[in-house]
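Remarks on the structure that follows.
The values are calculated or read from the model by the stated rules, or taken from the named source; none is laboratory data. Note that this is a predicted model, so its numbers are computed, not measured. Note that each Cβ is placed from the backbone with ideal geometry, even for glycine, and that neighbours are counted across all protein chains shown.
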Amino acid sequence: MRIAVVNTKGGTGKTSSSIMLAEAARRKGFTVAVIDADPQGSASKWAEVAEEAGDPLRFDVTDANRATLARKIKAANVGYLLIDTAPGDPAIIDAAVSHADLTIIPTRTTPADLDRALETYRALSTPAAILLWNIDSRHQLYKQARELFEEEDIVAFGAEIPTREEVNKMWFTSLDFPSLHGYEEVFAELHEALTTEGE
Ligand SMILES: Nc1ncnc2c1ncn2[C@@H]1O[C@H](COP(=O)(O)OP(=O)(O)OP(=O)(O)O)[C@@H](O)[C@H]1O
Ligand SMILES: [Mg+2]
């Protein structure tokens, strides 16, 4: 399965979600890989720093650019491929989305972020789901976001990623931590949705 992780806004959890979902899939026994299609190279840097520290990620992260992305996606031979994208590069986003089985749009619930996520979602003509990320479920904005999804039939994961300072400590490590802070549940939902499709 190929999963594009996309948002036209920066800093919305794309790289964290790509790497953490890859690790969640790996823990369930799937072969996984990440393609870093962001010229900022955050996912590749995660892999490099972890490797240099002697604590490498347990899956490969390879980079891709506009010219190589489609070919690299098609050539990947793994159970789950996560494609991390750049926020401001429509060509990269289009290539990732059009070659993916599902697009995940991570977002906070602040009005400006949610608005951009919905704009990204509505522009897609392929299967997509919003992932509420870095959220406090006691907050009114969270409740409003869930209501909006319900009212407007917007596809969103029921599982979500809470605000967790610990996630910052997990960056640049092999992810040898007991909890993935919600990504296990998101992956379970994702896998269920992709494998029962059409039944
Ligand atoms: N669950 C979390 N709670 C709090 N902070 C988090 C959480 N997950 C990630 N972060 C932090 O949020 C910041 C943005 O995350 P990330 O880099 O994954 O976003 P991005 O969408 O890939 O950004 P960019 O658009 O620059 O590529 C990072 O500093 C990261 O450590
Ligand atoms: Mg990123």
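The figures follow:
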{"item": "Flag for Thr8 being within 16 Å of ligand 1 (Cβ to nearest atom), in a loop (DSSP other than H, G, I, E, B) and surrounded by fewer than 21 Cβ atoms within 10 Å (Cβ to Cβ)", "result": "yes"}
{"item": "Near pairs, Cβ below 7 angstrom, 6+ apart or cross-chain, from region 151-173 (basic (Lys, Arg)) to any residue that is surrounded by 13 or more Cβ atoms within 10 Å (Cβ to Cβ)", "result": "Arg164/His181"}
{"item": "Helices (runs of 4 or more DSSP H) wholly inside region 118-199 containing at least 1 residues that are over 22 Å from Ala50 (Cβ atoms)", "result": "140-151, 183-196"}
{"item": "Residues that are touching a strand residue (DSSP E or B) at 6+ places or on another chain (Cβ under 6 Å) and among the charged types (D, E, K, R), drawn from region 152-183", "result": "Glu160"}
{"item": "Test: Ala33 is modelled with pLDDT of 95 or more, within 15 Å of ligand 2 (Cβ to nearest atom) and closer than 22 Å to Met170 by Cβ", "result": "no"}
{"item": "Residue in region 150-163 that is away from ligand 2 (no atom under 16 Å from the Cβ), of a type in the set (Asp, Glu) and crowded, with 21+ Cβ neighbours inside 10 Å present", "result": "yes"}
{"item": "In region 95-121, the residues that are among the charged types (D, E, K, R) and either within 14 Å of ligand 1 (Cβ to nearest atom) or surrounded by 18 or more Cβ atoms within 10 Å (Cβ to Cβ) (or both)", "result": "Arg108, Asp113, Arg116"}
{"item": "Checklist (1) surrounded by fewer than 24 Cβ atoms within 10 Å (Cβ to Cβ); (2) within 16 Å of ligand 2 (Cβ to nearest atom); (3) part of a loop (DSSP other than H, G, I, E, B); (4) β-branched (Val, Ile, Thr) applied to Thr62, failing item", "result": "(3)"}
{"item": "Checking Ser44 against (1) outside any loop (DSSP other than H, G, I, E, B); (2) within 14 Å of ligand 1 (Cβ to nearest atom); (3) touching a residue at least 40 places away in the same chain (Cβ under 8 Å); (4) under 24 Å from Ser174 (Cβ atoms), the condition it does not meet", "result": "(3)"}
